[in-house]
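What follows is a short report on a single structure.
The values are calculated or read from the model by the stated rules, or taken from the named source; none is laboratory data. Everything numeric here is computed off the predicted structure, so don't read it as measured data. Note that we place each Cβ from the backbone using ideal geometry, even for glycine, and neighbour counts take in every protein chain shown. In case anyone asks, the SASA skips ligands and DNA or RNA and just uses the protein heavy atoms, side chains included. Shrake-Rupley method; radii C 1.70, N 1.55, O 1.52, S 1.80 Å.
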Amino acid sequence: MAARRRPARFVPDFDPDHGDRPLTAARQDMVIGRWQGVRDLLRATGTDWARRTHRLRLLSHAAADSSAAESWRAAEPDDPDAAVLRAATVVVRVFNEAIAIGRGSAVDRGRLDAAVEACLQAAEAAPGDPMPWVSLLTVARLYEGGVARGELRHWFDELRRRDPYNLEGHAQVMRYWSARWHGTHGAMYDFARNAAGIAPPGSPLPVLVQMARVEEYRYIADAARGRGPVRGFDQHWKHELAVTEVRRTAERWIDDRDTGRPVAPEEVADLNYLAHAACYAGEHVVAGRVLGMLGAWAAWVPWAYTGDPEEQFTRFREGLDLG
């Protein structure tokens, strides 16, 4: 009698492009200094703002260690996509510089101002594109003491004029108002909940609340490092409000999403936030539903903040009998 074959072990897929093969090819081109494929990819993306934001964010990280963005801008100075990518790349570089010098040390003000100027030039070159405003809202965090409230509001209003429910832009403002940067836990949650409350059915904006919970976790865990556990911290993910908000996000986002279509690459990271929150809240119905939608598509964040990402993603799937 033939031996029964043991089923293959589930292995999550942490592809940073989340299956976006044209993006993978373009990012590889950027690494070796080629920009023509990137130009073609962004033209093909058109005004699908969610996908365009996802692609530009990852392309800018790939371009940060090469001169490809500058080469494209020099070769085709009238191409608005070249201006937008260069601005996003400059912002990534100043963030990399901030990481290198360490928290508590300010990035040179001239470098920040140059990044802002690149973003404003990109906004002028591509007046309908929300991405230059996402880049501005991102670099705002690096200014010592933040930027003037009126300026931040102007940048945010300009983003919403172009793409009212742009999740990446809202996430940057949410982080700006966090205790890690220029606000408080309360200000961060107020922003996230207000944005979630005005989001139309099927919009991913309600997941900002779960993103905010991760930001609070990071802040408290960093402060407690080396001093033992924080009292009551084990309830961070599963107290009554946290559980209620997981359910609310699922109702506002997942229940009204077109469930007949597969998960798009630009949705994977955001769905991982909801899956992570549902798993740690013990909301098994929501967790099973979202992990089932994701299949093997996993994202390092936020799982990396609470342990080994592969182990957690696999353990929760198996605990829900998803294979």
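Given that compact globular proteins tend to follow 2.2 N^0.38 Å, what is the ratio of the alpha-carbon Rg of the range 27-73 to that value?
So the Cα radius of gyration is 1.06 times the expected 2.2 N^0.38 Å.
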Requested in this report: Answer rounded, prolate or oblate for the range 29-181, using the Cα gyration tensor with square roots of eigenvalues a ≥ b ≥ c: rounded when a/c is under 1.5, else prolate when a/b is larger than b/c, else oblate.
Outcome: oblate
Query raised in the report: Given H placed 1.01 Å from N in the peptide plane, which residues other than close sequence neighbours of Trp297 have an amide H under 5 Å from its amide H?
Result: Asp13
Query - Computed E for Trp300/Arg34 - FRET, C-beta separation, R0 35 angstrom, nearest 0.05 - result: 0.85
Query raised in the report: Per residue, how much accessible area does the range 1-76 have with a 1.4 Å probe, in Å²?
Result: 58
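Which value at 222 nm does the chain reach when only helices count, each DSSP H run of 4 or more adding -39,500 (n - 2.57), with the total divided by all residues and rounded to the nearest 500 deg cm²/dmol?
-19500 deg cm²/dmol
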Query - the range 31-67 versus the range 271-323: alpha-carbon centroid distance in Å - result: 29
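Which of rounded, prolate or oblate describes the range 107-181 when judged by the alpha-carbon gyration tensor and an a/c cut-off of 1.5? Show your work: numbers first, answer last.
Values: a/c = 2.06, a/b = 1.18, b/c = 1.75.
Judged from the Cα gyration tensor, the range 107-181 comes out oblate (a/c at least 1.5, b/c at or above a/b).
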Query raised in the report: Using the Cα gyration tensor of the range 102-226, with a ≥ b ≥ c the square roots of its eigenvalues, what is the shape: rounded (a/c below 1.5), prolate (a/b larger than b/c) or oblate (neither)?
Result: oblate
Query raised in the report: Measuring from centroid to centroid over Cα atoms, what is the spacing of the range 184-211 and the range 89-111 in Å?
Result: 28
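How large is the convex hull of the Cα atoms of the range 136-291 per residue, expressed in Å³ as a whole number?
125
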Report summary line: Heavy-atom accessible area of the chain with neighbours in place, 1.4 angstrom probe: carbon+sulfur share in percent works out to 50
